[in-house]
Amino acid sequence: MKRLLGVALGILTAIGGFVDIGDLVTNAVVGSRFGLSLVWVVVVGVIGICLFAQMSGRVAAVSGRATFEIIRERLGPRAGLANLAASFLINLLTLTAEVGGVALALQLASSVEPTLWVPVAAFAVWLVIWRVKFSVMENVTGLLGLTLIVFAVAVFLLHPDWAELAGQAMAPSVPAGETGGAYWYYAVALFGAAMTPYEVFFFSSGAVEEKWTRKDISQSRLNVVIGFPLGGILSISIAACAAIVLMPRGIEVTTLSQVVQPVVEAGGKLALAFVLVGVVAATFGAALETTLSSGYTLAQFFGWSWGKFRRPAQAARFHIAMIVCLLIGLGILATGVDPILVTEYSVVFSAVALPLTYIPILIVANDKQYMGRDVNGRLTNAFGMIYLVIIVVAAVAAIPLMIVTGAGA
Amino acid sequence: MKYRRPPAAQRMVAAAVLAALTGSVLSGCATMSGGATGDAARSVSDAASAAQSAALAFEQHLGERTTDAATGVTLDDMLDEVQTAATSVAELEVSTADEREVRQTAAATIRECSDSIVAAREQVSDPGVTSDAGALLHRLEAAADAASELGDELEERQ
């Protein structure tokens, strides 16, 4: 019974923790401009993140070490540095976007300017990382993030034309007034949002924090294989809400306040309360994860003592690195830059960095020296190779598409 | 565990980096198309989108389906969007009489969007300001529709 509850909790937190500011914004933008014609990208992205998250979780469970630590050792310092540079910079950008997202959500609830909320959000992130147990932190933000299910409920309350929605999803096409370039630019952005690099580094480092062993592999696989696709359904619901309410009115999403408008249309103030709790939980949870991921990647590359399971005094450089990253994010937001713009760029640059993140994971997961009998099976490797091609194509296409389309304008 | 660096793995990572960089370099540069008319069309369309969003927020406010805080933030956000569009139009470099006329028409249309959002914002902040909130909503929707039509017209003309 206890094990069953553990599995259920893992799945629920995986669903609630799946969506972050990148998913919220990108799905709403895409839904408002392209309807559901890019749903296939979410499906491809969710399968990809399931594949690589369970791979990196297995590496951590079998070896007892985080994936990034092994990448540094297995591929050498130069390849490790390339991996670190790409992942760390994207992570920093994502961290900035998440903290900004918390501030924007709190602004919607209170009318208080986001610039005043940003330091509060950053301090709260630091405090939770400093004081709260890893499992408590994960479970609370994940469970509160479940309130985003209100997006899925809103889809039904809005009584959409199901045939039209299905038509958009099943026979994807570029809507009138949009260009093929913009369509593919947002396809890459959605893919980057679904496969953000910090997710796998956090997942594998989290496995070490929670002291996973071989016997935890099946439970973690269940969390990923059930929880992430259900989280993906939340992403699709966000796009569907925008497609139903905003697209027919010619509204293109540029702010977080527009992302919640369809939910308000469907369920009024109660739905607004749910969605605000969900957005704060999702962005705050992701801010915790990205801050921790910054510390993890730096500490694991340089060989510092790391982990929340250690007292801060025993992992001083790990904690200082996270504080510095938070301060950098704070500094970026203090310039007055729009967090939504930071989010839009972070998901595209995530796509650029994908090969540097995922190719090494695939290599390590196939190394018998580390994995023994738990190396990737043929089927996993076949999917891994297919995704390798998709990842490289997305990475190569991201910047040219950004330039050609004026960042999807 | 013994440290080793397999050349094949390194080559894979290097090839991926090279491929990404090559793709980026080969992409070259591109600018937004359509000249002054195209730029005006995009700015007017942005203003139309913002005005539509403001109208939706105001309608939800009138129906008491949302909070004053959320409505106020949405209207402020949309006002920022419209003002950005107005600035873009004001900074347009025009070289012909036609383009000058386009700029003037676009600026006037965007100004009406801006004015109606400001009026709605005042109504939300202080409900005593305007007596006929329904008329204000109608004005917002009309401004959004006019901007949308102009945006489409300019889009076709470029």
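The values are calculated or read from the model by the stated rules, or taken from the named source; none is laboratory data. Every value quoted in this text rests on a predicted model; they were computed, and no experiment measured them. Virtual Cβ from ideal backbone geometry, glycine too; neighbours counted across all protein chains shown. Just so you know, the surface numbers come from the protein's heavy atoms only, side chains and all, with ligands and any DNA or RNA stripped out. Shrake-Rupley method; radii C 1.70, N 1.55, O 1.52, S 1.80 Å.
Summary table below
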{"quantity": "Residue list for region A:83-104, restricted to those being among the aliphatic types (A, V, I, L, M) and either touching a Lys or Arg at 6+ places or on another chain (Cβ under 7 Å) or under 20 Å from A:Ala299 (Cβ atoms) (or both)", "calculated": "A:Leu84, A:Ala85, A:Ala86, A:Leu89, A:Ile90, A:Leu92, A:Leu93, A:Leu95"}
{"quantity": "So A:Ser305, is it polar (S, T, N, Q) and open to solvent by 20 Å² or more (accessible area, probe 1.4 Å)", "calculated": "yes"}
{"quantity": "Subset of region B:78-92 [closer than 20 Å to A:Ser110 by Cα and within 10 Å of another protein chain (Cβ to nearest Cβ)]", "calculated": "B:Met78, B:Asp80"}
{"quantity": "Residues within region A:218-257 that are within 14 Å of chain B (Cβ to nearest Cβ), among the polar types (S, T, N, Q) and open to solvent by 30 Å² or more (accessible area, probe 1.4 Å), tallied", "calculated": "1"}
{"quantity": "Members of region A:205-228 that are among the charged types (D, E, K, R) and assigned to a helix (DSSP H, G or I)", "calculated": "A:Glu209, A:Arg214, A:Lys215, A:Asp216, A:Arg221"}
{"quantity": "Filter result for the condition that a residue is surrounded by 24 or more Cβ atoms within 10 Å (Cβ to Cβ) and within 14 Å of another protein chain (Cβ to nearest Cβ), over A:Val188, A:Val200", "calculated": "A:Val188"}
{"quantity": "Cβ-Cβ under 6 Å pairs, at least 6 apart or on other chains, region A:364-382 side within 14 Å of chain B (Cβ to nearest Cβ) and open to solvent by less than 40 Å² (accessible area, probe 1.4 Å), far side of a type in the set (D, E, K, R) and in a helix (DSSP H, G or I)", "calculated": "A:Val364/A:Arg74"}
{"quantity": "Of all residues making up region A:397-409, the number that are more than 8 Å from every other protein chain (Cβ to nearest Cβ) and in a loop (DSSP other than H, G, I, E, B)", "calculated": "2"}
{"quantity": "Options A:Leu330, A:Leu341, A:Leu356: the member that is in a helix (DSSP H, G or I), within 10 Å of another protein chain (Cβ to nearest Cβ) and closer than 18 Å to A:Asn91 by Cα", "calculated": "A:Leu356"}
{"quantity": "Which numbered condition B:Leu154 fails, given (1) at pLDDT 95 or above; (2) crowded, with 16+ Cβ neighbours inside 10 Å; (3) within 14 Å of another protein chain (Cβ to nearest Cβ); (4) farther than 25 Å from A:Val275 by Cβ", "calculated": "(1)"}
{"quantity": "Near pairs, Cβ below 6 angstrom, 6+ apart or cross-chain, from region B:55-67 (at the interface with chain A (Cβ under 8 Å from one of its Cβ atoms)) to any residue that is assigned to a loop (DSSP other than H, G, I, E, B)", "calculated": "B:Gln60/B:Thr66"}
{"quantity": "Among the residues listed as A:Ala124, A:Ala86, A:Ala109, A:Ala79, the single one being under 27 Å from A:Asn223 (Cβ atoms), surrounded by fewer than 24 Cβ atoms within 10 Å (Cβ to Cβ) and either within 14 Å of chain B (Cβ to nearest Cβ) or polar (S, T, N, Q) (or both)", "calculated": "A:Ala86"}
{"quantity": "Verdict on B:Leu75 being more than 14 Å from the chain's Cα centre (by Cα), in contact (Cβ under 8 Å) with a residue 24 or more places away in the chain and within 14 Å of chain A (Cβ to nearest Cβ)", "calculated": "no"}
{"quantity": "In region A:383-396, the residues that are within 9 Å of chain B (Cβ to nearest Cβ) and surrounded by 21 or more Cβ atoms within 10 Å (Cβ to Cβ)", "calculated": "A:Ile391, A:Ala395, A:Val396"}
{"quantity": "Residue check, A:Ala169 surrounded by 12 or more Cβ atoms within 10 Å (Cβ to Cβ), farther than 24 Å from A:Phe203 by Cβ and in contact with a Leu (Cβ under 8 Å, 6 or more places away or on another chain)", "calculated": "yes"}
{"quantity": "Test: residue in region A:90-102 that is open to solvent by 10 Å² or more (accessible area, probe 1.4 Å) and within 14 Å of chain B (Cβ to nearest Cβ)", "calculated": "yes"}
{"quantity": "Residue match in region A:52-67 (condition: open to solvent by 10 Å² or more (accessible area, probe 1.4 Å) and of a type in the set (Gly, Ala, Ser))", "calculated": "yes"}
{"quantity": "Number of the condition not met by A:Asn366 [criteria: (1) modelled with pLDDT of 90 or more; (2) farther than 30 Å from A:Asp216 by Cα]", "calculated": "(2)"}
